[in-house]
Amino acid sequence: MYLHSTNTESSYSQVEEEKNQQHRCLGSTSQQDLQLLAQLLQEYLRAEIPSGEFFLVRCAFKKKQTMVLIEHPSGVRVDTKAIFTVLEEALESELNLSQQYLELFIRVVGAKLPYAKCSLKLEMKEPATLSQKNSGEDNEEPIPSSFSTAALSFPLIAPSSSESIEDPEPTLRDTSENEVEVEILTSPPSSKTKLHRKITLICGILGIVGIFGTAGYLFSSPCVVSKCSQIDTAEMLTQKSPLLVRGAASDSDLVVRHKKLNLAINSLKKIPRISPHHNKANELIINLSQKSEQIEQVLQAFQTGRQATQASRGTISNLSELQNRQQLWRDAIAPLETISLKSELYNVVRPKLTVYRQNLKAVNELLFSEQRWLKKIKDASSVAKVASARQTQASSLKDLQKAQSTWQIVVNALKPIPKTSVAYFQAQQKLAKYQPKLVVARQRTNQELAAAKSYEQILSATNQAESYERSNQLELAVMQWKEALNTAQNIASNTSYSQKAQSLVEPLSSALTQAQRRLKIYNEQDKTRNDLERTCSGEVIVCEYTFNNKQIVVRVTREYEQALEQRLIDASLQGDSEPIASVNNHLQTLQQALEAISINAKSSLIVYDAQGNVIQESKIH
């Protein structure tokens, strides 16, 4: 933690001038978080600082600094060191914050400039664990918190000065263990004057009694002419009251002291005006009444503390119950904070006040957490409206992806709300409504993704089929045309690609039919090619051929003719007729084979000899 002092008036003037800009810079969420922070700090001041209810805390955010302003009326006793310490402990123990810069100001209500300020740079600190203590016979224990305080982007504050500003007050000083002397502004009457007044008063009384014949009544009235035991008792209580109160071990002991004071007061009130002790009785009545009222105030605070403890033992079903607990602890703390350190009640009040403040601190933490969870639900409901609109209007894959991610944000915001929170039931209701919408959005997105992928496959298969046809790989082309057609027919109808795919079904079907026809022709030609290859091959190439789907053209090779001629010449020279018959049979077989091939291929046939003369021709009608 690094602390430094700066010019208070100039820094604060700049804060005041930029106040409007700061509020505009804050978004709605930041403004609410600052309000919650101010409320939390104010609760700590109420719980930890005497007369803390008179302080008002406000927060604002400027760039990387948080400005905290504490205001109080001019008549309030102020200890800046205590205020800074309480705020620092509150933030350090309850909030888990990253490194931050901040400034804190204290000013009187109505003043333009503050009279105290501190600036600091704070390193990250871990949240403190709420301690639990037992005190008093009523077992009023601090209420443990089941919620962790969420991190907020607010800096912590440390004190930079220990100045205190106090308004003038009557001076009290201790004179003994049991007495307090107060400065008296008027001089007491002399003993001689008191005696004269007493004699005059008694004479007047006896004269009146003699006139009205009621002397018996006057002499029987308390403290008229007899010794006034009521005064003695009251004075004894006045002297011993501090010891009696300090010695009170429980609420019941304090109740006994309170009853004794009230009995003494009632007995003093019975002293008539004609009694010479009347003025002294009035003084004692005022003194004892103040003590009685203070004890009654403390007893009432203890009663409120018991009510708060009882209320805190049950489970929380709604936020108003938690706010009621908070108010009860406030009501119990406020009267006890008025008991000064010099009061005989201080030792009785102090243990209770410590416990009450811890309990208020725990309730404030719970309330702060609950407000954050409720805000989560409110924000999630707002985002859900956006998600619903996006899902309804979605017409593309990108739109559906946005709708799905928005629904995911809604669900993720509601799931962390714990079962112990009053917001849990409401969060579960929202989840039951929003999670099915997320599922639908995810399904539609997946369908759209599949349709987009399928459409790309259609285009890719089409391009590949055309490429195979150009390279005369007709069998592969047919396979690609089939894949493209099947994919187009199976694209989901509720996707944006359905219409595009349907428009491709007819041309894809036509392309497949043509490719299948070409493949059939190619397969038939392949058989013709094999037959021709088998017919024209041998030790000597018999013939050469070309063909298409309409005509087969065969040319007898010169080498084959020469081989036949040579066999005929040799046979003539030897006078052997068998080779001649063999050559004739071979030529006849060749012609028959070519004729059969022509018929099977359903193509016309024309055969040329080596000189180019037509030696065979057939046409298919």
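The values are calculated or read from the model by the stated rules, or taken from the named source; none is laboratory data. Please read all numbers here as calculations on a predicted model, not as lab measurements. All Cβ positions, even for glycine, are placed from backbone atoms using ideal geometry, and neighbour counts span all protein chains on display. Only protein heavy atoms, including side chains, enter the accessible area calculation; ligands, DNA and RNA are left aside. Shrake-Rupley method; radii C 1.70, N 1.55, O 1.52, S 1.80 Å.
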Convex hull around the C-alpha positions of segment 266-340: the volume in Å³ per residue is 93
Please compute the modelled spin-label separation between SER498 and THR589, points set 7 Å along Cα→Cβ, answer in nm with one decimal. 6.8
Cα lying deepest toward the dipole's positive end in segment 376-505, options TRP407, GLN480, SER381, charges on Cβ: SER381
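Dipole magnitude of segment 346-439 about its Cα centre, charges +1 at Lys/Arg Cβ and -1 at Asp/Glu Cβ only, in debye to the nearest 20?
Numbers: 17 positive and 4 negative charges, 29 e Å.
It works out to roughly 140 debye.
What FRET efficiency comes out for ARG442 versus ASN549 if R0 is 56 angstrom and r is the Cβ-Cβ distance? Round to the nearest 0.05. Provide the component values of the computation, followed by the final result.
On the way: r = 55 Å, r/R0 = 0.98.
Efficiency, from the Cβ-Cβ distance: 0.55.
How much length, in nm to one decimal, is gained on full extension between SER396 and SER317, taken as 0.36 nm per residue of separation minus their Cα-Cα distance?
24.0 nm
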Backbone HN-Hα couplings from phi across segment 255-269 [Karplus 6.51/-1.76/1.60, Hz, Gly and Pro as x]: 5, 4, 4, 5, 5, 4, 4, 5, 5, 4, 4, 4, 5, 5, 5
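Could you calculate the FRET efficiency of GLU578 with LYS527 from 1/(1 + (r/R0)^6), where r is the beta carbon distance between them and R0 is 30 Å, rounded to 0.05?
On the way: r = 35 Å, r/R0 = 1.17.
FRET efficiency, GLU578 to LYS527: 0.30.
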Order VAL86, VAL386 by their accessible area, 1.4 angstrom probe, all chains in place, largest first. VAL386, VAL86
Heavy-atom accessible area per residue of segment 360-489, all protein chains kept, 1.4 Å probe, expressed in Å², is 51
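Please say if segment 357-420 is rounded, prolate or oblate, where rounded means a/c under 1.5 for a ≥ b ≥ c the square roots of the C-alpha gyration tensor eigenvalues, and otherwise the choice is prolate for a/b larger than b/c and oblate otherwise?
Numbers: a/c = 5.75, a/b = 3.86, b/c = 1.49.
Prolate shape, in that a/c is at least 1.5 and a/b is the bigger ratio.
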Distant-in-sequence amide H partners of LYS62 (H built 1.01 Å from N, under 5 Å): MET67
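Can you pull the percent of segment 466-565's accessible area that's carbon plus sulfur, 1.4 Å probe, other chains left in place?
Details: 2780 of 6340 Å².
Its accessible area is 44 percent carbon and sulfur atoms.
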For LEU102, which sequence-distant residues (separation of 5 or more, or a different chain) have an amide H within less than 5 Å of its own amide H, given hydrogens modelled in the peptide plane? THR66, LEU120
Largest-first ellipsoid semi-axes for segment 473-595, taking √(5λ) over the Cα gyration tensor eigenvalues, angstrom: 57, 10, 9
LEU519 accessible area, nearest 10 Å², 1.4 Å probe? 30
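Please work out how much length the chain gains when fully extended from GLU456 to TYR346, using 0.36 nm per residue of separation minus the C-alpha to C-alpha distance, in nm with one decimal.
Working: separation 110, 0.36 × 110 = 39.60 nm, distance 8.42 nm.
The span from GLU456 to TYR346 would gain 31.2 nm if fully extended.
Can you give the FRET efficiency to the nearest 0.05 for ALA111 and ASN324, using r as the Cβ-Cβ distance and R₀ = 41 Å? Provide the component values of the computation, followed by the final result.
Working: r = 36 Å, r/R0 = 0.87.
The value I calculate is 0.70.
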List the GluC sites (Glu not before Pro) in segment 373-480 that DSSP assigns to loop (not H, G, I, E or B) and whose Cβ has at most 11 other Cβ atoms within 10 Å. Which are they? none
Put THR392, THR487 in order of accessible area, largest first, probe 1.4 Å, and you get THR392, THR487
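So between SER382 and ASP609, what do we pick up on full extension, going 0.36 nm a residue minus the alpha carbon distance?
Values: separation 227, 0.36 × 227 = 81.72 nm, distance 9.35 nm.
Net length gain for the segment: 72.4 nm.
Between the DSSP loop rule and a limit of at most 11 other Cβ atoms within 10 Å, which GluC sites (Glu not before Pro) in segment 531-578 are left?
GLU539
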